[in-house]
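Have a look at the structure below, then the notes.
Computed from the coordinates by the stated procedures, all read-outs in this text should not be read as laboratory data. Everything quoted here is computed from the prediction, not taken from an experiment. We place every Cβ from the backbone using ideal geometry, glycine too, and count neighbours over all the protein chains shown.
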Amino acid sequence: MAAMFRSVPQIFRGHQFASVPLSARMFSKRADEKRPLADKVAVITGSTKGIGFAIAQRLAQNGAHVVISSRKQQNVDRAVATLKEEGLSVTGTVCHVGKAKDRQHLVDTALEHSGGVDFLVCVAGVNPLVGSTLGASEQIWDKILDVNVKSPALLLSQLLPHMEKRGGSCVVLVSSVAAYIPVPKLGVYNTSKAALLGLCKSLAIELAPKGIRVNCLVPGIIKTDFGLGEKTVPNLLPELNKIYGLQRFGEPEDCAGIVSFLCSPDARYITGENIIVAGFSPKL
Ligand SMILES: NC(=O)C1=CN([C@@H]2O[C@H](COP(=O)(O)OP(=O)(O)OC[C@H]3O[C@@H](n4cnc5c(N)ncnc54)[C@H](OP(=O)(O)O)[C@@H]3O)[C@@H](O)[C@H]2O)C=CC1
Ligand SMILES: O=C1Nc2ccccc2C1=O
């Protein structure tokens, strides 16, 4: 038994780990490396399909308890059942991110697991308009800005008291390459996604003193109902992708690993970053 403790440096002898056999500590370190998000709670909006679902699945596979949400109960039920079949720790609730009452219900549901929240991933986004930016009605502007830009900030303000007491918390927003290369006829959407790049930077400096990191995933064209749907698929960008990119559209899973990394302790010194996952770089 003495041999097991031999390599514990003198400085750690009074530390709690010193009484745990070395082999057990090594095993649990290896287990933690495989499940870097163990004992963490993640709230993910817009997570019943597409990019949000892939992120939910990956965070849960990496050990987090994940709270799934979207507007439609049947979508929530289906997503939760699918992930539970995999043996993952998930719960779910309806949350239209534009509705304050739904956001509060999401917060309450998340707190049921262990009384706090570690990660907020804001995936929900909409685009109800293909057409002229200046022709967009005030209602369209309000809808796109409410859901895409205001709701992540408002949900975060509701969750903040429950995140700041945890330590190591982080937020991931979801923008789009449309923020860098405006997609024709999607002007209001492009604008909302550009605003998220700024929101990420502003929140990052505001929350840094509380130890909460804020980063932003910036996907390119990803094969989902939304990404390849009539409302968002542009004629130009597939061509651009062929010329400059990795010669394929992205899969939702291409966006999942980076979000898990951003939530993990390995990203503990990364905040305020807008990270492009597009198969090409739209920046100089
Ligand atoms: N796919 C792509 O090419 C790209 C996507 N993005 C961004 O990624 C995000 C996800 O898109 P993607 O996965 O493609 O879309 P999907 O259509 O595949 O999934 C959208 C998800 O969001 C939910 N949702 C929609 N509106 C709301 C709302 N108001 N409140 C809460 N949940 C909502 C949907 O469920 P329900 O219907 O039940 O609400 C669904 O779970 C969006 O923000 C989008 O702008 C960015 C760049 C490229
Ligand atoms: O949803 C989207 N579909 C897209 C297609 C091309 C560029 C950006 C986007 C989106 O943000």
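Quick one: what are the phi-derived ³J(HN,Hα) couplings along the stretch 265-273, Karplus 6.51/-1.76/1.60 with θ = phi - 60°, whole Hz, x for glycine and proline?
Computed from phi, the couplings for the stretch 265-273 are x, 5, 9, 4, 10, 10, 8, x, 9 Hz.
Mind ranking 270-280, 205-215 by how tightly packed they are, going by the mean number of other C-beta atoms within 10 angstrom, highest first?
On the way: 270-280: 18.7, 205-215: 17.0.
Put in order of decreasing packing, that is 270-280, 205-215.
Past the 31 Å Cα-Cα mark, which pairs from K40/K242; K185/K210; K99/K165; K49/K99; K99/K242?
Numbers: K40/K242 39 Å; K185/K210 40 Å; K99/K165 26 Å; K49/K99 20 Å; K99/K242 39 Å.
Long pairs (Cα-Cα over 31 Å): K40/K242; K185/K210; K99/K242.
Based only on other Cβ atoms within 10 Å, what is the fewest-to-most ordering of T224, T82?
Working: T224 21, T82 16.
By the 10 Å Cβ count, ascending: T82, T224.
Need the list of aspartates and glutamates near K223 for cross-linking: C-alpha distance under 16 angstrom, and skip anything on the same chain fewer than eight residues off.
Within the straight-line limit of under 16 Å, K223 reaches these aspartates and glutamates: E239, E251, E253, D254.
First check a/c for the stretch 131-284, with a ≥ b ≥ c the square roots of the eigenvalues of its C-alpha gyration tensor; if it is under 1.5, answer rounded, and if not, answer prolate when a/b is larger than b/c or oblate otherwise.
Values: a/c = 2.32, a/b = 1.37, b/c = 1.69.
Since a/c reaches 1.5 but b/c is at least a/b, the shape of the stretch 131-284 is classed as oblate.
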